[in-house]
Amino acid sequence: MVAWYGDIEEVISPAEIAKRVAELGRSISRDFVGRELVLIGVLKGSFLFMADLCRHIELPITCDFFGLSSYGDQTKSTGVIRITSDLKRPIAGKDVLVVEDIVDTGLTVQYLLENLKARRASSIKVCSLLDKPSRRVVPAQIDYLGFSVPNLFVVGYGLDFKGRYRNLPFVGKLPDDHPEIAG
Ligand code: IMP
């Protein structure tokens, strides 16, 4: 029987993700011991990662979300970043941890850091589930990284293609001959 997600191939399993997310949570808890953190999730791709990661951070935290979009319906970044939803609370004087799904060209993280620095946070660190270093256009700060991936378009565990596949429990590879890419 063909799975509902067709021929998307698993690249990182749910067990590998769970193990790495717990490790990241432990590192963050150690590095910020005695402090309070504001987690800023970048929507929509980081929502599952953020939900799992925050449960492994043993510190007082608050959560906020930044809606950014750079892809439209394509698999290549347009390079034009739009704010679709802003933070709900000021971050001046706070320790901030940005939670990203994937750093690809680096343009989103660059834009985000410039924007957050202007709000005078006391410190800003970046935690990304995935990194695609081969695609970098501008240098990107990543302080905590889950996994490096090769130059593939990946979906699942929050990451989408045309809004779909975010609910896959694994990170998978969209086939190059996927009808919606080819077409
Ligand atoms: P960047 O600005 O090129 O670094 O892209 C960052 C954003 O593009 C990420 O937060 C994702 O939402 C999206 N993105 C980049 N690569 C992929 C991918 O392989 N699958 C799904 N989304 C991706």
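The phi torsions of region 86-96, fed into the Karplus equation with coefficients 6.51, -1.76 and 1.60 and a -60° offset, translate into couplings of 9, 4, 9, 10, x, 10, 4, x, 9, 8, 10 Hz, rounded to whole numbers, with Gly and Pro shown as x.
Amide H contacts for Gly146 (H built 1.01 Å from N in the peptide plane; partners 5 or more residues away or on another chain; cut-off under 5 Å): Ser128, Leu129, Leu130. Taking 1.002 mPa s as the viscosity and 20 °C as the temperature, the Stokes-Einstein diffusion coefficient of region 30-73 based on its alpha-carbon Kirkwood radius rounds to 184 µm²/s.
Remark on region 76-183: Rg and Dmax equal 15.2, 49 Å (Cα only). For region 1-71, the Cα gyration tensor yields ellipsoid semi-axes of 28, 17, 8 Å (square root of five times each eigenvalue, largest first, whole Å).
One quarter of the convex hull surface built on the alpha carbon atoms of region 120-183 amounts to 6.1 nm², the projected area averaged over directions. Taking amide H as placed 1.01 Å from N in the peptide plane, the amide H of Asp95 sits under 5 Å from that of Val38, Ser122, Ser123, each at least 5 places away or on another chain. Derived scalar couplings between HN and Hα for region 23-37 equal 5, 4, x, 5, 4, 5, 4, 5, 5, 10, 3, x, 10, 10, 10 Hz in order, rounded to whole Hz, by the Karplus curve 6.51 cos²θ - 1.76 cosθ + 1.60 (θ = phi - 60°), x for Gly and Pro.
Measuring how big the chain is from its alpha-carbon positions, Rg and Dmax come out at 16.2, 54 Å. For the pair Met1 and Lys162 in one chain, pulling the backbone fully straight at 0.36 nm per residue adds 55.5 nm over the alpha carbon distance. Each residue of region 105-115 is assigned a 3J(HN,Hα), and the resulting list reads 5, x, 5, 5, 5, 4, 4, 4, 5, 4, 4 Hz, derived from the Karplus form 6.51 cos²θ - 1.76 cosθ + 1.60 (θ = phi - 60°), x at Gly and Pro. Residue order for Tyr111, Tyr157, Tyr144, fewest other beta carbons within 10 angstrom first, comes to Tyr111, Tyr144, Tyr157.
Laboratory data are not the source of any read-out in this text; all were calculated from the coordinates shown. What you are looking at is a predicted structure, and each value in this text was computed from that prediction instead of being measured. Because the Cβ atoms are built from the backbone with ideal geometry, glycine has one as well, and the counts that use them run over all protein chains shown.
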